[in-house]
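Enquirer: This structure is in structure tokens; I'll ask about it shortly.
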Amino acid sequence: MFKWLSAKNSQAFGSELAALVKEFVPIDPTLSAAKRQSKANYAKEKMLKRIRQFKQEEILNFYKIAKLLNTFKWDLKDAGYDPQLTDSLASWILISLRTQ
């Protein structure tokens, strides 16, 4: 039962995904919306590979997914990312985690 509540790996993975976003989608106010979206799509491709691998390694339940997404969103919020971008990426991650 305690393993069911252990979310350390999920939180670390949420931070890893946030680091990928920080690497590929810089905070640059001079970027156009189209260029920012292009960079976000590239980051999604990189994240999708890691998400698939993580799903095979870890048994995810709603608590672990919530901790993962919370860590991801707070890492990006603390880094100064736009809340709309953060929310859309978090929604995309949730969908990617829940689908096969």
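A short reminder: the numbers here are calculations on the coordinates, not readings from a lab. Owing to the predicted nature of the structure, the values given are computational and were not obtained by experimental measurement.
Enquirer: Considering the alpha-carbon set of segment 9-64 alone, what are its Rg and its Dmax in angstrom?
Expert: 13.3, 41
Enquirer: I've got another one for you. Note down the Stokes-Einstein diffusion coefficient of the chain in µm²/s, whole number, using a Kirkwood radius over alpha carbon pairs, 20 °C, and 1.002 mPa s.
Expert: 155
Enquirer: In the Gaussian network model of the chain, springs joining C-alpha atoms below 10 Å, which of S32, S88, S15 carries the largest mean-square fluctuation?
Expert: Greatest mean-square fluctuation among the candidates belongs to S32.
Enquirer: Turning to a different aspect of this structure: Output wanted: per-residue J couplings in Hz (rounded whole) for segment 63-79, from phi through Karplus 6.51 cos²θ - 1.76 cosθ + 1.60, θ = phi - 60°, x for Gly and Pro.
Expert: Taking θ as phi minus 60°, the curve returns 5, 5, 5, 4, 5, 4, 5, 5, 4, 4, 5, 5, 4, 6, 5, 5, 7 Hz for segment 63-79.
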